[in-house]
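A short worksheet on the structure shown next.
Read-outs: derived from the displayed coordinates by stated rules, not from any lab. Computed from a prediction, not measured in an experiment: that's the story for all the values here. FYI the Cβ positions are ideal-geometry reconstructions off the backbone, even for glycines, and counts take in every protein chain you see.
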Amino acid sequence: MKRIWTTRSFEQGDEERIFELWQSVNPKGEFNREKWMAWWVWKYWKNPAGKPIIWLALDQDRLIGHYAIIPIRMRIGNEIIVGSQSVDTMTHPDYRHQGIFETLASKTYEQAVKEEVHIIYGFPNRFSYPGFVNKLGWFDISVLHTMIMPLNLTNVLRKYIQNKYILHTCAVGGNLLLELLHNNNGTSRINKVKTHPISAFDERVDYFWDKISSLYQITVVRDKSYLNWRFADMPNTNPIIYTAEKDKEILGFIVLTTKSVHDLKFGYIADVAALPSAKHTYQDLISTAMWYFSSQKVDLISYQGIGNKACQRTLMKNGFLFSRFIDKRFHFIARVNTSKVSDVFLKNSRHWFVQRGDADSM
C-alpha cells in the first residue's frame, strides 16, 4: 500500500486535532471538550520539568497518529538527569498496520537524543505493549505488584458469583477471614504522629525528599514542584493528600484517589513515602487511608508499586493481599536513549521505586 501520510512535530493549535483523534481512538468514551483541554494543557504545558516532544502523522489535514513523551526529572544512582515518560500513543482506527506507530516513535527518539533526554519509561496497555517491546527496543522491568483490601466483599464477589446463596456464604466466610487477619495484627490505629489533609505541598517536602531520596537507586524526583504538578494541580481528578507530621516536620505523605470501575468503587493509594527512621509513620498513613476510603464507601482499596517494601509490609499487617486477578495490571517498561545510563542497571527491578501515581493517569 502506498503511503499517503506525512509526519511533523507538534505546532500550536494541533491540540484541537488531537482531541478529535482521541475521540476516534476511544469511541465509547465520554469526552467533555473543556475538561479534556484543561487536562491536556496541564499535562503537556504546565509540567515543571519542561516541554514535551510530540510527533504527529497526517493524511493531508486529518490527524491520524500521535506519539509523545513528557520530561521527568529523575534520580539515577547519585545523579539527577532528564528522563521522560511515553504517553498517549494513538493511531486512527482507519490507518492501523501502516507503520505509523514505529515511524512516529523513531522521530520522537531522535529528537529526544538531541535534547539529551537520557531514558524513557512507560506503562503500556496490552495492545501497545508488544509493539514497544518487539519493535522499538524497549525492555521489561516489572509488572507493578498489586495489593488489595476489600471493604465491601459482597460487592466485589458479586462480579464473579451470580447465585445469591453462594454469594452470601462466600461473603460471610471471607469477611470473617479478613476480620481475623486484621484483628490479629492489631495495627489499624493511628499512632502519635498526626496526619493532616493538605491542598498543596510546601517547601518542607523538599527537605523530606532530600532525606529519603538516597534510599532509591532509580526514581522520579518527588520535590515540591513535581508533587504539586502531578497531584495537587491535576484537573478533573481531585486527589486527597495527607501528610504525616511531628513538630511541623513532614515525616511522610500519601495520595489517595477514588474511581468507579465496572460497578465497583475503587480506592487507590496513588503515592506514599515515609522516613524509615520515623517509627509507625507508614502505619499512620495507611490507617488514615483506610479511614478515608471507608468514609467514602469504597468497595476495594488497591495499591500498586515496586520498590516500596516498607509500605508493602505495612499493608500486609493491615490485611492487604497480593492479587493478580483484581484491578488493572501495569506493565512497566523502559528504553535507553544515550550512553549516560546503563541498560543493565535499569533492567534490575530492585533498583526502581515506582508507584501507581507515576503513571500519567490514575
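Along the charge dipole of the chain, Cβ charges K/R +1 and D/E -1, which of 273, 238, 303 sits furthest on the positive end?
So the residue furthest toward the plus end is 303.
Can you tell me which of 317, 246, 347 moves the most in a GNM of the chain? Springs connect C-alpha atoms under 10 Å apart.
Result: 246 has the largest fluctuation of those listed.
So for the chain, averaging the separation of alpha carbon pairs under 8 Å that are six or more residues apart and normalising by length, what relative contact order in percent results?
Values: 644 pairs, mean separation 78.2, N = 362.
This gives 22 percent for the chain.
Mind scanning 107/347; 224/347; 194/347; 51/309 and naming the pairs with a C-alpha gap bigger than 30 Å?
On the way: 107/347 24 Å; 224/347 28 Å; 194/347 38 Å; 51/309 33 Å.
Checking Cα-Cα distances, 194/347; 51/309 exceed 30 Å.
Test of understanding: ordering 74, 37, 149 by Cβ neighbours within 10 Å, fewest first, what list do you get?
On the way: 74 21, 37 15, 149 24.
Lowest count first: 37, 74, 149.
Sorting 336, 205 on the 10 Å Cβ count, fewest up front, what's the list?
Details: 336 19, 205 22.
Ascending Cβ contact count within 10 Å gives the list 336, 205.
Computed over the Cα atoms of the chain, what is the convex hull's projected area averaged over all directions, in nm²? List each step's numbers first, then the result.
Values: hull surface 78.6 nm².
So the Cα hull casts an average projection of 19.7 nm².
Which ³J(HN,Hα) values in Hz, rounded to whole numbers, follow from the phi angles of the stretch 25-31 under the Karplus curve 6.51 cos²θ - 1.76 cosθ + 1.60, where θ = phi - 60° and Gly and Pro get x?
Once θ is set to phi - 60°, the couplings for the stretch 25-31 become 6, 10, x, 8, x, 9, 10 Hz.
Hey, what angle do you get for helix 281-295 against the long axis of the chain, alpha-carbon based, 0 to 90 degrees rounded to 10?
The helix 281-295 is inclined about 90 degrees to the chain.
Dipole size in debye (nearest 20) for the stretch 258-306 around its Cα centre, Lys and Arg Cβ +1, Asp and Glu Cβ -1? Please list the in-between numbers first.
Working: 4 positive and 4 negative charges, 10 e Å.
Here the size comes out at about 40 debye.
Which distance in nm do the two modelled labels at residue 321 and residue 32 give, with both placed 7 Å along the Cα-to-Cβ direction?
Output for this residue pair reads 3.7 nm.
Using alpha carbons only, how many angstrom separate the centre of the stretch 209-251 from the centre of the stretch 93-157?
25
Quick one: compute a quarter of the convex hull surface over the Cα atoms of the stretch 223-313 and quote it in nm². Please list the in-between numbers first.
Working: hull surface 26.8 nm².
Averaging across all directions leaves 6.7 nm² for the Cα convex hull.
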